[in-house]
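See below for the structure under consideration.
The values are calculated or read from the model by the stated rules, or taken from the named source; none is laboratory data. As the structure is a prediction and not an experimental result, all values here were calculated from the model. In this analysis, Cβ positions are derived from the backbone assuming ideal geometry, glycine residues included, and neighbour counts consider all displayed protein chains.
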Amino acid sequence: MKNFRKIPAIDELLLHEKTVWLIGKYKREFVVDMLRRATDELRRDLSASPKECTKEELMELIVNKMEKNVARLLQGTLQKVINGTGVVLHTNLGRAPLSEGAINYLQAMAVNYNNLELDLEQGLRGSRYWHIEDILTRLTGAEAALVVNNNAAAVLLGLNTLAKGREVIVSRGQLVEIGGAFRIPEVMKLSGAQLVEVGTTNRTYISDFAAAITEETALLFAAHTSNYKIVGFSEEVPMEALVKLGRERGMPVMQDLGSGILCPDADWGLREEPSVNDCVKAGADIITFSGDKLLGGPQAGIVLGKKSYIEAMKKNQLTRALRVDKLTIAALEGTLLEYLSGHPQQNIPVIRMLGSSQDELQQRAEKLAALLQAAAKSSGSIRKILVLEVEDMVGGGAYPTHKIPGWGVEIEFTELHLSEVAKKLRAMNPALLTRKQDDKMLISVRTLLPGDEEIIVEMLAAVQKPGGSID
Ligand SMILES: *Cc1c(COP(=O)(O)O)cnc(C)c1O
């Protein structure tokens, strides 16, 4: 307990050469605050430790703590995470990594002024929504398009514009909740529209919709049940039938597609899922989907549909609150250009990952295993490294029952506890997220990005070092 009396005062700590150096680099108040916090931390450590220290030792401990905390704080809170989970669209990991084309375009627009709302030909004020509309309609066959903050915003805007104060008919089997926060009934309430549920959880027929239409009905609504599947004795109304009913009764049909596939030729075993183009062909008046799910772009809500409805949505005051900024527009346009140029499979990371062949994945897993094996030779803490087939997933609240066969590396440790290793790997920068299977660590190679393999080898080597505390 004598330690406490020896803790140096802030004035003394300020004379330490490391502190002096940091004050030369950053704001003095910031460094003083960090010293205070480090001193508090040391007090906590000391109360748990019986070891007696000299005043000089305590000073070193505080200054080193402070230095480490400063470095950690100034690296920012967002950091790179290597995705070894095999879940391609992981909402916790920021969903889709962007293509190089999107990044280059984004960067050029971010560091410069641009024509976000300027019509360069006329020299007059323009619209930010003009930029992506042409390319979206070209790629999808839709009549008009609009982009807002995210798909939740797109659904809210669509409902508010087309059905505020009136009724919207939805199948009970489609009252979905996505990611814990997006619930169709709640969004409906917020939009000012009134939900009319028809059918049952597992079966809804077109006759249920027809029977529920009244004077008050403004809209027929369908949501893609992208994060769960009702299997067995179930029936949903096909979009074509809903569109036909809407036309007969003179009311629009809106479809919340969720994860929009814009790559209709790709064979990921997702053929049974409707692509954006299929939905446009089926004739829904308004279709919404996310920019950062299977499209592989930035967070955005894409609205496609009939010109008159899109124009009404653009005029809605809500659009001002839900509008996208130049960075989103740039990243989205950059992504869409990859589709327009015809090479999304090569250039968009998410599409590339989903399209990787079994052979390619196996080779990559073997290469990773070989690199790990070579690095593990010097340490005794890895018992076994195995290349094996794994089951990957699309993720992002999409296709929950759909497993994609992939390849990965399984690592078995000798002394280290698996959860301890996983924790250490998460504490590094970049961090590594892995999967656990039968008490072994599993790294799926599908979701690794170029260069990740080498970093993983270094990370695992650092974890294995005896007493290798790496934080
Ligand atoms: C993901 C999803 C949403 C929410 O989209 P965000 O872009 O995350 O706002 C809404 N509806 C469906 C069907 C979805 O799959």
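The figures follow:
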{"item": "Helices (runs of 4 or more DSSP H) within the range 12-86 that include 1 or more residues under 30 Å from residue 452 (Cα atoms), out of contact with any Gly (no Cβ under 7 Å at 6 or more places or on another chain) and of a type in the set (A, V, I, L, M, F, W, C)", "result": "55-74"}
{"item": "Output for the range 323-361, where each listed residue is in contact with a Leu (Cβ under 6 Å, 6 or more places away or on another chain) and not in a helix (DSSP H, G or I)", "result": "none"}
{"item": "Flag if residue 146 is surrounded by 22 or more Cβ atoms within 10 Å (Cβ to Cβ) and assigned by TED's automatic domain parsing to the domain that holds residue 279", "result": "yes"}
{"item": "Enumeration of residues in the range 65-104 that are more than 28 Å from residue 258 (Cβ to Cβ) and either out of contact with any helix residue (DSSP H, G or I) (no Cβ under 8 Å at 6 or more places or on another chain) or among the hydrophobic types (A, V, I, L, M, F, W, C) (or both)", "result": "66, 68, 70, 71, 72, 73, 74, 75, 76, 77, 79"}
{"item": "Count of residues meeting criterion [in contact with a strand residue (DSSP E or B) (Cβ under 7 Å, 6 or more places away or on another chain) and either at pLDDT 95 or above or part of a strand (DSSP E or B) (or both)] in the range 365-388", "result": "11"}
{"item": "Residues of the range 201-215 satisfying the condition of being touching a residue at least 40 places away in the same chain (Cβ under 8 Å) and part of a loop (DSSP other than H, G, I, E, B)", "result": "213, 214"}
{"item": "Conditions (1) in contact (Cβ under 8 Å) with a residue 12 or more places away in the chain; (2) more than 16 Å from the ligand (Cβ to nearest atom): number failed by residue 328", "result": "(2)"}
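Condition check ((1) more than 18 Å from residue 155 (Cβ to Cβ); (2) within 14 Å of the ligand (Cβ to nearest atom); (3) surrounded by fewer than 17 Cβ atoms within 10 Å (Cβ to Cβ); (4) at pLDDT 85 or above) across all residues:
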| site | (1), (2), (3), (4) |
| --- | --- |
| 170 | no, yes, no, yes |
| 176 | no, yes, no, no |
| 188 | no, yes, no, yes |
| 202 | yes, no, yes, no |
| 213 | yes, no, no, yes |
| 229 | yes, yes, yes, no |
| 232 | yes, no, yes, no |
| 238 | yes, no, yes, yes |
| 262 | yes, no, no, yes |
